[in-house]
C-alpha cells in the first residue's frame, strides 16, 4: 500500500465519520463544527487530486463563509441540545433503513460496471488556477456573468425576506 | 486510484446527507445535510475530471479536462446564493413560529 492510498483512506474515513457525527450529534453547534471537518477532509481530497484552486475555494467559501453564516444563525437563535426537536424513534429507523437501501442499490449497480478507469492523482494541470481561469473566461464567460446577476438577486432576496415587516407586527388584533 | 473508490465515497456521503434530511427535524440541520449532498457531488465531479485527464485524447488540450471543475465552481457559486436566501427564510420562520422544527410548518394542511 503506497502513501497515496493511505492518505485517500485516511481522508475518506475522516469525511464519512465526521458526516455521521454531524447528523447524529444533538447540539446544532456541534453539527456545524463537524460539517466544517467534513469540508476540510473534502478539501484534502481536492489537494490529493491536484485540484488546488477548488481546494482553496472550498475552504474559503464553504468552511469559511457559509459555515460561519450557519454558526451565526444557530447562535442567534440560541439553539442547543435541550431545545433540539427529536423525531420519534420509529421514524428515525425508517429513514435510516430507506437511506441504507438506496445506498445498497446504487453501490451494487456501480460494482457491476466493468471498468478499469484510473484517476490521475497528485499530478496533472487540469486543476491549476491558470488553466481554470483561461477556460472560465474563454468558454464560460456568459454563465460567469449571469452568476453575478444571481448573486445580486440573492442579496436583494435575502434582505427583503429578512426585513422586519413593521406594518404586520404593529397591526392591532381584530 | 480506481474511479470506483471515488464513486463509492461520494455515494456514501450523499446517502448520509439523505439520511440526515430524513431523520432530523431541525430546519438548519436539514439545510446542512443538503450542503453535504452538494459537496459529495462536487467531489465526484472533480474525480471524473481527473479521470478524464488521463485519457489520451484530452492530453493535447488541458483546458478540456477542467470543464468539470468549472462546473464545481458554479455549484459553489449557486450554493452560496442558496444559503443566503435559505437562512433568511429560516430566520423568518423562527420569527413567526419561534421554533426551527419543521413539524410546525404544517399550517397549509388545514
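Here are the numbers for this structure:
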read-out: Modelled FRET efficiency - R0 35 Å, residue A:117 with residue A:152, Cβ distances, 0.05 increments; value: 0.30
read-out: Crossing angle, helix B:27-54 versus chain B [Cα axis fit, 0-90 degrees, rounded to tens]; value: 10
read-out: Cα gyration tensor category, rounded, prolate or oblate, for the range A:3-124 with a/c compared to 1.5; value: oblate
read-out: Distance (nanometres) between label positions extended 7 Å along Cα→Cβ at residue A:89 and residue A:138; value: 6.2
read-out: By average C-beta atoms within 10 angstrom, highest first, the peptides A:113-125, B:88-100, B:13-25; value: B:13-25, B:88-100, A:113-125
read-out: Pairwise label distance in nanometres, residue A:52 with residue B:89, each label 7 Å out on the Cα-Cβ vector; value: 3.9
read-out: FRET efficiency, residue B:78 to residue A:4 (Cβ-Cβ, R0 35 Å, nearest 0.05); value: 0.65
read-out: Virtual spin-label span in nm between residue A:80 and residue A:145, 7 Å along Cα→Cβ; value: 5.2
read-out: Extension reserve of the residue A:164-residue A:24 stretch, reckoned as 0.36 nm per residue once the Cα distance is removed; value: 47.0 nm
read-out: Efficiency of FRET between residue B:96 and residue A:101 - r from beta-carbon atoms, R0 41 angstrom, step 0.05; value: 0.70
read-out: Degrees, to the nearest 10: A:129-139 long Cα axis against longest axis of chain A; value: 70
read-out: At 1.306 mPa s and 10 °C, Stokes diffusion of the range A:70-174 via Kirkwood alpha-carbon radius, µm² per second; value: 75
read-out: Rounded if a/c under 1.5, otherwise prolate or oblate - the protein assembly as shown, Cα gyration tensor axes; value: oblate
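Readers should treat all values here as calculations from the given coordinates under stated rules, not as data from a laboratory. Since the model is a prediction, treat every value here as computed from it, not as a measurement. Methodologically, a virtual Cβ is constructed for each residue, glycine included, from the backbone with ideal geometry; neighbour enumeration extends over all protein chains shown.
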